[in-house]
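The values are calculated or read from the model by the stated rules, or taken from the named source; none is laboratory data. All values reported here derive from a predicted model rather than from experimental measurement. All Cβ positions, glycine included, derive from the backbone under ideal geometry; neighbour counts span all protein chains shown.
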């Protein structure tokens with residue numbers, strides 16, 4: 001997941017340039033309905049307006065998977081939740097290893113939300129200053145609002161959907 005975030009190269013129009021940090025998020029879920037489905041994994045990368053990743057420091061409160069320039073964590077889901085995925089999600093997430101990772105994870109969605117918020121707060125020190133960015137950004141925001149409401153509330157109401165901008169190598 002983080003690899004997809006790292007490969008994003010878009011030009012942020014002047015309209016969106018501000019002092020706000022860009023919070024790139026990608027959520028993997030068990031389906032399309034935020035109310036009925038569950039989050040399997042979340043990745044985030046905070047960049048400046050020129051898309052330079054802001055390098056993180058070690059989390060003070062808990063051990064968490066730390067990558068060079070971002071956050072990624074798989075969320076535990078019980079077998080009965082995973083069994084209710086549709087055929088596309090089952091094939092996609094089984095093939096990628098995400099189903100097995102979710103079964104073996106020890107992280108709850110609440111723990112993951114806390115650590116994700118802690119990661120973002122290292123760079124976005126004031127509420128409502130981080131713009132949510134990514135592919136299918138409205139899909140991700142809908143899941144975040146239901147499953148990670150404190151994190152969603154910390155972000156600005158504005159977002160940048162990467163699909164509408166030209167991709168640059």
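General remarks:
- Residue match in the stretch 104-123 (condition: assigned to a loop (DSSP other than H, G, I, E, B), surrounded by fewer than 22 Cβ atoms within 10 Å (Cβ to Cβ), at pLDDT 95 or above and in contact with a strand residue (DSSP E or B) (Cβ under 7 Å, 6 or more places away or on another chain)): yes
- Taking each residue of the stretch 119-133 that is over 16 Å from residue 44 (Cα atoms) and looking for partners that are surrounded by 13 or more Cβ atoms within 10 Å (Cβ to Cβ) with beta-carbon atoms closer than 7 Å, six or more apart or interchain, yields 127/154; 128/156.
- Complete set of residues in the stretch 32-72 that are out of contact with any strand residue (DSSP E or B) (no Cβ under 6 Å at 6 or more places or on another chain), surrounded by 15 or more Cβ atoms within 10 Å (Cβ to Cβ) and modelled with pLDDT of 95 or more: 34, 38
- Taken over the stretch 145-169, the criterion of being assigned to a helix (DSSP H, G or I), at pLDDT 95 or above and under 25 Å from residue 50 (Cβ atoms) is satisfied by 151, 154.
- Across the stretch 69-84, the qualifying residues are those that are within 20 Å of the chain's Cα centre (by Cα) and part of a loop (DSSP other than H, G, I, E, B), and the one among them that is farthest from residue 110 (Cα to Cα) is 69.
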